[in-house]
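Participant: Take this structure, written in structure tokens, and hold onto it; I'll ask about it next.
Read the figures in this text as sums done on the coordinates, not as results from a lab. All values reported here derive from a predicted model rather than from experimental measurement. Note that we place each Cβ from the backbone using ideal geometry, even for glycine, and neighbour counts take in every protein chain shown.
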Amino acid sequence: MTAIPGGYAYKALNRAVGKAIHKYDMISDGDRIAVGLSGGKDSLSLMRMLKHRLSFIPVRYELFAVYIDPGFDGGFAEEFKAYSEEMEYNLRIETTDYGIVGHSDENRENPCFLCSRLRRKRLFEIAEELGCSKLALGHHKDDIIETLFLNIFYAGEISTMVPRQPFFNGKITVIRPLAFADEELVARFAKAQGFPNFVNPCPSAKNSKRLEIKMLLKPLFRNNRKIKGNIFRAMSHVKSDYLLK
């Protein structure tokens, strides 16, 4: 594995990851952690940071990378496998038809929801098979904010992804070490690392409800730099007495 370049992006991302891990007690000594990889900049940045941190922190843990291939034509599983071997990642590739099922005629309304749910279910199963008590996912601050609005607009509820969330009575815990990192920072780090460009073959990649939300929020964030931080802080400062019952 090549050394991580220095500079602002690395230092800022390392601080953000360390802050999230510490605040939410995400990782303990001896943990076996499954890391969900997609081939995108977010999950690759997460894997690189978690592996790199083992070189300078006293906590010892094991990482097991998992890629759920959704089954589309033009996939990159073989290239991803070669890259992971070069980076000394312990990668497991699971070939599925989840993307095809999600985009079937019977599920035209929201293919992303079904595909994501199926992939998450399989990630839980594989984590259990590997003896992992933690599942690390590459969701960052922007993802958490966008999910809040997705759930308001399309599910009629006020909820989002949280940095640390136990499932199955605590049998496995989902952790999101990038929770305090802005997408822009992750992108800068990924660029500095020179990650390969694994092109997502999903037909909904450029036309999803999440992308609609991102485009809705983008001008607000651009016009007032305080808005993103205010939204993020608001999710932990909820005045329930001032919500409808």
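Participant: Order these peptides, 15-25, 60-70, by their mean beta-carbon neighbour count within 10 angstrom, highest first.
Facilitator: Numbers: 15-25: 16.3, 60-70: 19.7.
Top to bottom by mean Cβ count within 10 Å: 60-70, 15-25.
Participant: When the Karplus curve 6.51 cos²θ - 1.76 cosθ + 1.60 is applied with θ = phi - 60°, which whole-Hz ³J(HN,Hα) does each residue of the stretch 158-168 get, with x for Gly and Pro?
Facilitator: Once rounded to whole Hz, the list reads 9, 7, 7, 6, 10, x, 9, 9, x, 10, 6.
Participant: Given H placed 1.01 Å from N in the peptide plane, which residues other than close sequence neighbours of Phe64 have an amide H under 5 Å from its amide H?
Facilitator: When sequence neighbours closer than 5 places are left aside, the close amide H contacts are Ile33, Ala34, Val35.
Participant: When the C-alpha atoms of the stretch 157-215 are aligned to their principal axes, what extent does each axis show, in angstrom, from largest down?
Facilitator: 38, 28, 21
Participant: Also: Let me spell out the model: positive unit charges on the Cβ of Lys and Arg, negative unit charges on the Cβ of Asp and Glu, origin at the Cα centre of the stretch 8-242. What dipole size does that give, in debye rounded to 20?
Facilitator: Working: 36 positive and 29 negative charges, 262 e Å.
Approximately 1260 debye in magnitude.
Participant: Which Cα, out of Ala77, Ile21, Ala190, lies furthest along the positive dipole direction of the chain (beta carbon charges, K/R +1, D/E -1)?
Facilitator: Ile21
Participant: Which whole-number percent of Cα pairs in the stretch 8-242 have a distance greater than 32 Å?
Facilitator: Numbers: 4897 of 27495 pairs.
Result: 18 percent of Cα pairs exceed 32 Å.
Participant: Now, a different point. In whole Å, what is the distance between the alpha-carbon centres of the stretch 152-178 and the stretch 1-75?
Facilitator: Each part's Cα centre sits 19 Å from the other's.
Participant: Which ³J(HN,Hα) values in Hz, rounded to whole numbers, follow from the phi angles of the stretch 199-205 under the Karplus curve 6.51 cos²θ - 1.76 cosθ + 1.60, where θ = phi - 60° and Gly and Pro get x?
Facilitator: The phi angles translate into 7, 6, x, 5, x, 9, 4 Hz.
Participant: Please sort 158-167, 184-193 by packing, taking for each peptide the average over its residues of neighbouring beta carbons within 10 angstrom, highest first.
Facilitator: Values: 158-167: 14.8, 184-193: 18.6.
Top of the packing list down: 184-193, 158-167.
Participant: Over all Cα pairs of the stretch 124-232, how is the pair count split among 10 Å bins, expressed in % and running from 0 up to the last occupied bin?
Facilitator: 12, 34, 39, 14, 1
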